[in-house]
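Presented below is the structure to which this report refers.
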Amino acid sequence: MRTQLKAVLFDLDGVIVDTAKYHYLAWKKLADREGIYFDEKINERLKGVSRMASLEIILERSTRVYSEEEKHKMTEIKNNWYREMIGQLKPDEILPGVIDFLNSLKKHGIKCAICSASKSAAYIIEKLGITDYFDTIVGGQDITKSKPDPEVFLVAAERLNVFPAECVVLEDAYAGLEAAKRAGMKAVGLGDPDILTNADVVYKDMTEVSLEKVLRLFE
Ligand code: B16
Ligand code: MG
């Protein structure tokens, strides 16, 4: 019997909403305070990466060595600024195409999950007013290994009671697509096909994604 689509697993930052800009502003404020050079190009490397790993990337440009305690404090300060910013998130920041796609998945009984490295994933989804669309939200607090490790996607499949082969992942980051493939799932990339070379198929953004196109991956 042919494998069928049972669930769609959504990355959060870059797929549902552009939270990267708020991560950037908060990290920039911290870097400026510490006198460390940080720009939007370095910020690209933080996408999909955990909070502490993000700080380590920023500290590559620092001339001084920070203790573990100092680093922990710095991530806390950054996170407080970040939480203040995302506290203002409104449904109009949901990326174009997302709601139409979610509605068609609901209509056809396809399960939906959020699979994010962020510990604020559930909070962000609530602020956007779309919690009811999702059968489960797997966030940074639910995993021990971040993408490209497949853990976040495998936890979602288990919670949804579906096989990995019955899942499609929507991701904007190379490491996230790598994680999806390692999990044994179909991987749809959103962004530049020259960068997302490990995806099964790449679309520019969510406006180009439809249930019909996703189903073609199972033909
Ligand atoms: P937090 P995703 C990721 O989200 C972000 O892309 C990454 O920049 C961030 O460091 C990470 O979440 C952890 O976020 O500090 O809120 O726990 O793309 O996996 O949805
Ligand atoms: Mg992402």
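A few remarks follow.
- Calculated FRET value between Phe218 and Glu158, using beta carbons and R₀ = 30 Å, to 0.05: 0.90
- Within the stretch 1-76, chymotrypsin sites (Phe, Trp or Tyr not before Pro) in DSSP loop having at most 15 other beta-carbon neighbours inside 10 Å: Tyr37, Tyr66
- Plainly put, the stretch 112-172 has a radius of gyration that is 0.94 times its Kirkwood radius, both from alpha-carbon atoms, as the Rg/Rh ratio.
- Across Ser62, Ser146, Ser50, mean-square fluctuation computed from a Gaussian network of the chain (C-alpha pairs under 10 Å connected) peaks at Ser62.
- The portion of the accessible surface of the chain made up by carbon and sulfur, rounded to a whole percent, is 49 (1.4 Å probe; DNA, RNA and ligands excluded).
- With contacts taken as Cα pairs under 8 Å at a separation of at least 6 residues, the chain carries a relative contact order of 25 percent.
- Residues in the stretch 162-202 average 39 Å² of solvent-accessible surface per residue, probe 1.4 Å, ligands and nucleic acids excluded.
- Dimensionless Rg over Rh [the stretch 142-219; C-alpha; Kirkwood]: 0.96
- Using only the C-alpha atoms, the convex hull of the stretch 38-140 corresponds to 113 Å³ per residue.
- Residue by residue, the stretch 126-136 carries 3J(HN,Hα) couplings of 5, 4, 7, x, 10, 3, 5, 6, 9, 7, 7 Hz when phi is fed to the Karplus relation 6.51 cos²θ - 1.76 cosθ + 1.60 (θ = phi - 60°); x denotes Gly or Pro.
- Global geometry of the stretch 1-87, whether rounded, prolate or oblate, following the gyration tensor of its Cα atoms and the 1.5 cut on a/c: prolate
- Probing with 1.4 Å while keeping every protein chain in the model, the per residue accessible area of the stretch 1-85 equals 56 Å².
- Relative contact order computed over the stretch 72-137 (Cα-Cα under 8 Å; 6+ residues apart), in percent: 39
- Sites listed here are GluC sites (Glu not before Pro) in the stretch 66-136 whose DSSP assignment is loop and whose Cβ has at most 15 other Cβ atoms within 10 Å, and the list is empty.
- For the stretch 175-219, applying the loop criterion from DSSP together with a ceiling of 15 other beta carbons within 10 Å to the trypsin sites (Lys or Arg not before Pro) yields Lys204.
- When Rg and the Kirkwood Rh are both derived from Cα coordinates, the Rg/Rh ratio for the chain amounts to 0.98.
- In this structure, the amide hydrogen of Val202, modeled 1.01 Å from its nitrogen in the peptide plane, lies closer than 5 angstrom to those of Gly189, counting only residues at least 5 positions away or on a different chain.
The values are calculated or read from the model by the stated rules, or taken from the named source; none is laboratory data. Please read all numbers here as calculations on a predicted model, not as lab measurements. Note: ideal-geometry Cβ built from the backbone for every residue, glycine included; neighbour counts use all protein chains shown. For accessibility, only protein heavy atoms count, side chains too; no ligands or nucleic acids. Shrake-Rupley method; radii C 1.70, N 1.55, O 1.52, S 1.80 Å.
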